[in-house]
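Below you will find the structure I want to go over with you.
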Amino acid sequence: MNLLDIISWHRNKISINELKIILYLASRIYVLPEEEIEISIKEFCDSIGNKGTPKYSEVKELFFNLDQRMIPVKMGQMDIEINLFEKISTEEKRGSVVIRLGKLTRPYLVHLRKEAPYPILENLLLFKSAYSMFFYLLFKDVETTMEYTFRLSELKQLLQLEHTYPRYSNFNQRVLNIAAKEISTLTPFTFNWIARKEENDMAILFLVEKDTNNQILDEKGLFTYIKEILWAEWRVELKQDVFMRWVPKGAFAILSAVKQVNVQMDIINPIGYLTEVLKKGEFGKPLDNISLQEFRALRRILAYYDDTREVVTSWLVKSEIETKLFHDFQDMDIEKFWLKFNEWILEEIRHIRNRNLTK
């Protein structure tokens, strides 16, 4: 079964949080030891968006319930069912569950992991609805905008809802609205749809849009973005505690450091290199809550003034930005951009000038 299949299958078989255990293990399968695996209940709860003090007994029950389930798996041309765990126990003092994977579990989890990169699985873990998971996987490869058309009967079959929500209005309210709200809140994607009657069915046209450039990267969004970049470029997994040590340096510095690392070809430990680069404080005053498009524009401005020794004024810098630097950012509102960043830009240009004068 692929990810879409397992998400649809779970509905009448296992709970959403039991499904998340499978996804959690798949997301970390490359770093899990071969023998016994100790899973921190707190770490698991954090990964699925359950903040606060974890309810140890409830999570432990999820793992033990899942141990009683048979999971459908396709091995070659054969459809079989497997037990996920060969052994399961608890370490209550350490607040953890200890498992040993079944013989066929690891290949199955590797298969799921190959199907979806780590950041995709991380996003799936945060959804509270399996319908959100389903549509997110369906639309995850959209780069900017795309249209999809499905028959209502086709969607119901894919979601294993053939005998549920007989009226379109129920399906619209209980499935589509919930998925659209969660996806737009937790990911860069939004989708809208139009339904029209077609013979004995309904045709649903989806318009899916992905906004990466203009989305403000808060702490969570920045972590997800950097983690995805480091995995794609270096096949290294960024841990939350390491990232949190970088956070005081600001989003601009972190993004700049990652950009610098990605042009180096001989780095053995990119995480360690990034930490050292950020310690040096070469990227100016901390600056947060920026989009990728704003980051690129700010980098362009500072690069333009990298050799300056002249005194700069606010009106001159703004004029240079408008006439020489913003031809690649035509969809940005320059007035809003300048209002948001002018103090930071002018301070950084003055630092550049002072540095150049002391050379």
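Quick one: which residue in Leu109, Leu104 is under 26 Å from Ile37 (Cα atoms) and buried (at least 20 other Cβ atoms within 10 Å of the Cβ)?
Leu109
Okay, next question. Between Ile301, Ile268, which is β-branched (Val, Ile, Thr) and closer than 21 Å to Leu238 by Cα?
Every option except Ile268 fails the conditions.
While we're on this one: Being within 18 Å of Lys197 (Cα to Cα) and buried (at least 16 other Cβ atoms within 10 Å of the Cβ) is the filter here, so list the residues in the stretch 139-185 that pass it.
Within the stretch 139-185, Phe150, Leu152, Leu155, Lys156, Tyr165, Phe171, Asn172, Leu176 meet the criteria.
Name the residues in the stretch 187-217 that are of a type in the set (A, V, I, L, M) and touching a Phe, Trp or Tyr at 6+ places or on another chain (Cβ under 7 Å), would you?
Within the stretch 187-217, Ala195, Met202, Ile204, Leu205, Leu207, Val208, Leu217 qualify.
Any residue at all in the stretch 212-233 that is within 15 Å of the chain's Cα centre (by Cα), without any contact (Cβ under 8 Å) to a residue 60 or more places away in the chain and part of a loop (DSSP other than H, G, I, E, B)?
No, every residue in the stretch 212-233 fails to be within 15 Å of the chain's Cα centre (by Cα), without any contact (Cβ under 8 Å) to a residue 60 or more places away in the chain and part of a loop (DSSP other than H, G, I, E, B).
Kindly list the number of the only condition in (1) surrounded by 15 or more Cβ atoms within 10 Å (Cβ to Cβ); (2) free of Cβ contacts under 8 Å to residues at least 40 places away in the same chain; (3) farther than 17 Å from Leu125 by Cα that fails for Val73.
Failed condition: (2).
In addition: Condition first: part of a helix (DSSP H, G or I), over 20 Å from Ala253 (Cβ atoms) and touching a helix residue (DSSP H, G or I) at 6+ places or on another chain (Cβ under 7 Å). Can you find one or more residues in the stretch 282-302 that meet it?
No: zero hits.
For every residue, the table says whether it meets (1) touching a helix residue (DSSP H, G or I) at 6+ places or on another chain (Cβ under 8 Å); (2) among the acidic types (Asp, Glu).
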site: Glu61; (1), (2): no, yes
site: Asn83; (1), (2): yes, no
site: Glu92; (1), (2): yes, yes
site: Val98; (1), (2): no, no
site: Leu138; (1), (2): yes, no
site: Val142; (1), (2): no, no
site: Thr149; (1), (2): no, no
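For the stretch 25-33, indicate whether the set of residues that are of a type in the set (Ser, Thr, Tyr), closer than 27 Å to Leu161 by Cβ, crowded, with 19+ Cβ neighbours inside 10 Å and not assigned by TED's automatic domain parsing to the domain that holds Leu230 is non-empty.
Within the stretch 25-33, one or more residues are of a type in the set (Ser, Thr, Tyr), closer than 27 Å to Leu161 by Cβ, crowded, with 19+ Cβ neighbours inside 10 Å and not assigned by TED's automatic domain parsing to the domain that holds Leu230.
Right, something else. What residue, of Phe134, Phe127, is farther than 24 Å from Glu237 by Cα and either modelled with pLDDT of 90 or more or in the same structural domain as Lys227 (by TED's automatic domain parsing) (or both)?
Phe134
Within the set of pairs 6 or more residues apart or between chains, which connect a residue that is aromatic (Phe, Trp, Tyr) inside the stretch 265-279 to a residue that is outside any helix (DSSP H, G or I) with Cβ atoms less than 8 Å apart?
Short answer, once both residue conditions are applied: Tyr273/Gln264; Tyr273/Ile267.
Name the single residue that is nearest to Asp218 (Cα to Cα) among those in the stretch 233-257 being surrounded by fewer than 20 Cβ atoms within 10 Å (Cβ to Cβ) and of a type in the set (Val, Ile, Thr).
Val247
Moving to a separate point now. List every residue pair whose Cβ atoms sit under 8 Å apart, with the two residues 6 or more apart in sequence or on different chains, where the first one lies in the stretch 147-164 and is assigned by TED's automatic domain parsing to the domain that holds Phe206 and the second, anywhere, is in a loop (DSSP other than H, G, I, E, B) and aromatic (Phe, Trp, Tyr).
Final answer for the pair search is Lys156/Tyr165.
Also: Got a sec? Which strands (runs of 3 or more DSSP E) wholly within the stretch 1-111 have at least 1 residues that are among the basic types (Lys, Arg) and either modelled with pLDDT under 90 or farther than 19 Å from Tyr136 by Cβ (or both)?
71-75, 85-91, 96-101
The values are calculated or read from the model by the stated rules, or taken from the named source; none is laboratory data. All figures in this text were calculated on a predicted structure; none of them were measured in a lab. Backbone-built Cβ (ideal geometry, glycine too); neighbour counts: all protein chains shown.
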